[in-house]
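**Student:** To start, I am sharing the structure in question, which I have written as structure tokens.
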Amino acid sequence: MDPVVVVHGGAWAIPESMAERSVLGVQEAAKAAWRVLETGGNSIDAVEAAITVLEDDPVFDSGTGAVLTMDGTVELDAIIMEGNSLGAGSVACVERIKNPIQLARKVMEQADHVMLVGKGANMFAEECGIPQVPMEQLVTPEAIESWEFFKKYRCTVQTLFSNRVEELPGSEFVNGHETVGCVVMDKTGLLTAGTSTGGITAKRVGRVGDSPLIGCGAYADNASAAVSCTGHGESISKVCLASLVTEKCRLGIHPNKAIRESLSYMNKRVGGAGGAICIDNKGNIGIGFNTERMAWASKTNVESVYGLDAGERIVF
Amino acid sequence: MICAIPVVNYKLLYVRIILVLIKMKTKLALIVHGGAGTVAQSRHPQKLAGVQQALRAGYEVLKATNNPVDAVEASIKVMELDEAFNAGYGSMLTCNGEVEMDAILIRGSDLKAGAVGAMKNVAHPISVCKAIMEKTPHVLLVGDGAEQFAKEHGFPVTVTTSEQLTAPRARNLLERVLAKQTVASTEASDSSHDDAPKSLSKGEGGTVGAVAINTFGEIAAGTSTGGIAAKLPGRVGDTPIIGGGTFCDDAICGAGATGLGEAIMRTCVCSRIANALEKGEEPNQACLSALEFMTSRIPEGDGGAIVLTKDGEVGFNFNSNQMSWAYIKQDENVIHYGIEKGDDFTVPYSDS
């Protein structure tokens with residue numbers, strides 16, 4: 001099979017101030033995944049490498065640069081899944097881990113379990129040698145700014161509204177959906193999907209969105225497809241978005257159409273918006289979003305392309 | 001003095017009655033399960049009694065209120081109190097000897113859900129799920145954050161609750177698992193120290209679940225569990241993952257699964273049940289298809305599932321050795337229950 005790499009840096013109304021860095025970031029991640037494939041790595045290695053790049057890039061809401069919880073802390077979620085034996089590793093609400101995708105891979109390969117959360121996940125990190133870093137190392141000035149803006153607004157409106165702060169003007173800056181993700185097919189046809197996030201600004205401590213949930217934020221099955229999703233976490237969880245897309249691919253629907261139909265259904269049924277990337281088991285690529293923008297990049301033997309606005313395809 | 005004489009607007013009343021009648025499209029139905037696995041014969045009586053008791057509690061609420069969410073909560077609360085089941089009191093313990101619970105409640109009309117993962121120190125995780133669903137824009141809360149939420153919303157949360165949640169049987173089981181691990185590791189045999197938890201996860205199971213449908217075709221589904229014996233702290237299974245251990249959508253069905261959580265998650269069992277129903281499979285077969293798919297891809301995983309379709313049809317199946325279950329349909333007014341393959345015991349339902 002010809003190898004395929006697709007990466008996304010989040011589906012939301014990415015402001016101009018972040019657009020340039022976002023598209024550069026996803027291109028770097030795609031190149032990192034490709035290099036791993038060229039030097040003999042498999043799709044699991046490639047997904048881990050791409051997402052590590054995105055987690056280390058402060059422009060994205062994952063790892064370094066993640067948004068803050070209500071208490072001003074950083075809580076991270078990540079998942080990785082391979083489509084051969086349906087192996088999966090997922091972590092949620094881990095603290096002080098620079099690259100949660102690496103911890104998720106350890107869970108997949110070394111734990112009897114699939115999902116570990118909170119303190120238990122941190123204990124496992126220690127046991128399997130994933131280093132922990134001071135929380136401050138993951139916090140960026142932008143994250144603090146968003147957090148302070150949100151808390152100010154929330155305090156003001158709390159007495160007047162229920163917590164529908166998401167609907168307030170200007171809230172897109174604090175409620176950006178910059179979850180990152182990657183799907184890869186390597187030359188053996190092994191499909192792998194991964195997703196990583198810091199969640200939503202000022203989220204309640206312990207809140208878990210769609211990202212680390214199998215079938216919601218990501219899914220991979222060599223019988224159908226590998227998918228990574230981004231967008232409004234609760235909406236994605238309610239409709240099991242990744243499962244929807246993979247099931248359509250399994251029935252022979254082209255990944256682009258599978259994503260379009262699934263996002264449309266989600267919007268109609270529960271009102272949320274988002275995006276997804278997908279590779280089916282024939283190597284077809286799917287990219288789609290019904291938010292204003294999604295930073296994405298793909299790489300194959302034929303071409304390397306990235307985009308931001310709807311319909312955009314720029315060769316790099 | 002002007003007196004307000006009540007005038008009945010018969011036309012409006014008539015229209016409203018017609019609208020309610022049009023909305024009524026299904027009969028009430030409720031199904032519960034008490035876990036799929038290998039259940040020792042000596043435990044059958046308490047499992048069978050437990051699922052019947054849970055069914056009655058839920059059905060009373062369903063008849064009185066026509067509210068499937070409250071009915072599911074009522075059934076599951078009974079099982080969370082019952083030592084016979086691996087939920088709430090009676091939960092399996094982590095390898096550190098603590099109770100950490102997962103649970104979920106989903107409403108099929110708007111797909112709203114509330115779920116908790118690895119939550120400690122609360123007696124009724126299912127009720128915390130209902131509060132998350134009804135009072136927050138979120139779906140899943142885990143660990144300390146879930147416990148904090150429960151405290152803020154008036155649920156009793158204390159360390160003594162955790163001790164109260166620990167059943168003697170669960171503690172004995174954990175000690176046996178850990179002893180087996182110690183023995184295995186000192187014997188340097190082929191079996192890795194991981195053998196013990198795996199074999200016990202093919203033990204009794206005991207996750208509990210319930211699905212209810214009201215007369216408007218509105219469905220609710222819920223699941224609650226203590227997880228597998230000697231699990232790592234922080235381990236979350238299939239239960240609180242929509243599409244994995246639980247699923248609910250008025251347009252298709254409400255479903256709940258039980259068995260090896262990791263296998264159910266990796267194969268999204270309840271999503272598969274929904275897909276099978278949409279393809280026209282009948283309910284019992286839809287459950288079996290999903291379970292057989294799971295076991296075909298992940299041989300060490302088996303389990304069971306329950307389902308209510310959007311038309312109020314009942315289905316359940318299991319490819320484990322046993323699964324305790326009970327259901328009732330309004331038009332029959334008979335409680336069906338069982339635990340072994342092929343069981344279909346019945347007892348007439350009468351209001352208490």
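**Student:** So how many residues does the range A:202-211 have that are more than 15 Å from A:GLY231 (Cβ to Cβ) and not in a strand (DSSP E or B)?
**Tutor:** Summing the residues that are more than 15 Å from A:GLY231 (Cβ to Cβ) and not in a strand (DSSP E or B) in the range A:202-211 gives 4.
**Student:** Here's another thing I want to ask about it. If we keep just the residues of the range B:103-118 that are free of Cβ contacts under 8 Å to residues at least 60 places away in the same chain and more than 16 Å from the chain's Cα centre (by Cα), which is nearest to A:SER237 (Cα to Cα)?
**Tutor:** Top of the filtered list is B:LYS112.
**Student:** Within the range A:12-34, how many residues turn out to be open to solvent by less than 10 Å² (accessible area, probe 1.4 Å) and touching a His at 6+ places or on another chain (Cβ under 6 Å)?
**Tutor:** So the answer is 0.
**Student:** Separate question: Among the residues of the range B:197-210, is any at pLDDT 85 or above and either among the β-branched types (Val, Ile, Thr) or open to solvent by 80 Å² or more (accessible area, probe 1.4 Å) (or both)?
**Tutor:** Yes; the residues of the range B:197-210 include at least one that is at pLDDT 85 or above and either among the β-branched types (Val, Ile, Thr) or open to solvent by 80 Å² or more (accessible area, probe 1.4 Å) (or both).
**Student:** With the requirement that a residue be surrounded by 24 or more Cβ atoms within 10 Å (Cβ to Cβ) and within 11 Å of chain A (Cβ to nearest Cβ), what does the range B:247-261 give you?
**Tutor:** B:PHE247, B:CYS248, B:LEU260, B:GLY261
**Student:** Can you tell me which of (1) within 19 Å of B:VAL314 (Cβ to Cβ); (2) in contact (Cβ under 8 Å) with a residue 40 or more places away in the chain is the one B:ALA57 doesn't meet?
**Tutor:** It fails just one condition, (2).
**Student:** For the subset of the range B:134-164 comprising residues that are within 11 Å of chain A (Cβ to nearest Cβ) and in contact (Cβ under 8 Å) with a residue 60 or more places away in the chain, which member is farthest from B:ALA221 (Cα to Cα)?
**Tutor:** Looking at the filtered set, the residue picked out is B:GLY143.
**Student:** If I ask for residues that are farther than 22 Å from A:GLY209 by Cα, part of a loop (DSSP other than H, G, I, E, B) and open to solvent by less than 10 Å² (accessible area, probe 1.4 Å), which ones from the range A:222-263 would you list?
**Tutor:** The one that is farther than 22 Å from A:GLY209 by Cα, part of a loop (DSSP other than H, G, I, E, B) and open to solvent by less than 10 Å² (accessible area, probe 1.4 Å): A:SER224.
**Student:** While we're on this one: Give the residues of the range B:94-110 that are surrounded by 24 or more Cβ atoms within 10 Å (Cβ to Cβ) and hydrophobic (A, V, I, L, M, F, W, C), sorted by residue number.
**Tutor:** The answer is B:VAL99, B:MET101, B:ALA103, B:ILE104, B:LEU105, B:ILE106.
**Student:** So, one more: State yes or no: is A:GLY286 outside any helix (DSSP H, G or I), touching a Pro at 6+ places or on another chain (Cβ under 6 Å) and open to solvent by less than 60 Å² (accessible area, probe 1.4 Å)?
**Tutor:** yes
**Student:** Out of (1) open to solvent by 10 Å² or more (accessible area, probe 1.4 Å); (2) within 30 Å of B:GLU147 (Cα to Cα); (3) in contact (Cβ under 8 Å) with a residue 40 or more places away in the chain, what's the single condition that is false for A:GLY217?
**Tutor:** (1)
**Student:** Within the range B:330-352, take every residue that is closer than 23 Å to B:LEU291 by Cβ and out of contact with any helix residue (DSSP H, G or I) (no Cβ under 7 Å at 6 or more places or on another chain) and give me the one that is least open to solvent (accessible area, probe 1.4 Å).
**Tutor:** Looking at the filtered set, the residue picked out is B:GLY338.
**Student:** Could you please give the count of residues in the range A:224-241 that are facing chain B (nearest Cβ under 9 Å) and hydrophobic (A, V, I, L, M, F, W, C)?
**Tutor:** Matching residues across the range A:224-241 total 2.
**Student:** Which condition does A:GLY311 not pass, out of (1) assigned to a loop (DSSP other than H, G, I, E, B); (2) closer than 26 Å to A:ASP186 by Cβ; (3) open to solvent by 60 Å² or more (accessible area, probe 1.4 Å), if it passes all the others?
**Tutor:** Exception for A:GLY311: condition (2).
**Student:** Kindly check whether there is at least one residue in the range A:59-76 that is in contact (Cβ under 8 Å) with a residue 12 or more places away in the chain and in a helix (DSSP H, G or I).
**Tutor:** no
**Student:** Considering every residue within the range A:67-90, establish whether at least one is at pLDDT 95 or above, open to solvent by 10 Å² or more (accessible area, probe 1.4 Å), within 29 Å of B:GLY117 (Cβ to Cβ) and among the acidic types (Asp, Glu).
**Tutor:** Yes, the range A:67-90 has at least one match.
**Student:** Which of the numbered conditions does A:ALA273 fail, given that it passes all the others? Conditions: (1) at pLDDT 95 or above; (2) open to solvent by less than 40 Å² (accessible area, probe 1.4 Å); (3) away from chain B (no Cβ under 14 Å).
**Tutor:** Checking A:ALA273 against (1) at pLDDT 95 or above; (2) open to solvent by less than 40 Å² (accessible area, probe 1.4 Å); (3) away from chain B (no Cβ under 14 Å), the one that fails is (1).
**Student:** Please work out which residue is farthest from B:MET92 (Cα to Cα), limiting yourself to the range B:223-237 and to residues that are assigned to a loop (DSSP other than H, G, I, E, B), among the hydrophobic types (A, V, I, L, M, F, W, C) and facing another protein chain (nearest Cβ under 9 Å).
**Tutor:** Residue satisfying both the conditions and the ranking: B:LEU232.
**Student:** Does any residue of the range A:36-54 turn out to be in contact with a Lys or Arg (Cβ under 8 Å, 6 or more places away or on another chain) and open to solvent by less than 10 Å² (accessible area, probe 1.4 Å)?
**Tutor:** Within the range A:36-54, not a single residue is in contact with a Lys or Arg (Cβ under 8 Å, 6 or more places away or on another chain) and open to solvent by less than 10 Å² (accessible area, probe 1.4 Å).
**Student:** Do you know which residues across the range A:173-191 are at pLDDT 95 or above and either part of a loop (DSSP other than H, G, I, E, B) or over 13 Å from the mean Cα position of the chain (by Cα) (or both)?
**Tutor:** A:VAL184, A:MET185, A:ASP186, A:LYS187, A:THR188, A:GLY189, A:LEU190, A:LEU191
**Student:** Which residue pairs have Cβ atoms under 9 Å apart, sit 6 or more places apart or on different chains, and have a first residue in the range A:192-214 that is at the interface with chain B (Cβ under 8 Å from one of its Cβ atoms) and on the phi > 0 side of the Ramachandran plot and a second that is charged (D, E, K, R) and part of a loop (DSSP other than H, G, I, E, B)?
**Tutor:** Going by the 9 Å Cβ cut-off, the qualifying pairs are A:GLY206/A:GLU75.
**Student:** Can you find, within the range A:104-161, the residue that is nearest to the other protein chains (Cβ to nearest Cβ) among those that are part of a loop (DSSP other than H, G, I, E, B), surrounded by fewer than 12 Cβ atoms within 10 Å (Cβ to Cβ) and at pLDDT 85 or above?
**Tutor:** My answer is A:GLY129.
**Student:** Filter the range B:111-121 down to the residues that are more than 13 Å from chain A (Cβ to nearest Cβ) and not in a loop (DSSP other than H, G, I, E, B) and list them by number.
**Tutor:** none
**Student:** State all residues of the range A:85-103 that are more than 10 Å from every other protein chain (Cβ to nearest Cβ) and either part of a loop (DSSP other than H, G, I, E, B) or free of Cβ contacts under 8 Å to residues at least 12 places away in the same chain (or both); if no residue qualifies, say none.
**Tutor:** Answer for the range A:85-103, where residues must be more than 10 Å from every other protein chain (Cβ to nearest Cβ) and either part of a loop (DSSP other than H, G, I, E, B) or free of Cβ contacts under 8 Å to residues at least 12 places away in the same chain (or both): A:GLU95, A:ARG96, A:LYS98, A:ASN99.
The values are calculated or read from the model by the stated rules, or taken from the named source; none is laboratory data. Just so it is clear, the model here is predicted, and its values are computed rather than measured. A quick note on method: Cβ atoms are made from the backbone with ideal geometry, for glycine too, and the neighbour counts reach across all protein chains shown. Accessible surface is based on the protein model in full, side chains and every heavy atom, while ligands, DNA and RNA are left aside. Shrake-Rupley method; radii C 1.70, N 1.55, O 1.52, S 1.80 Å.
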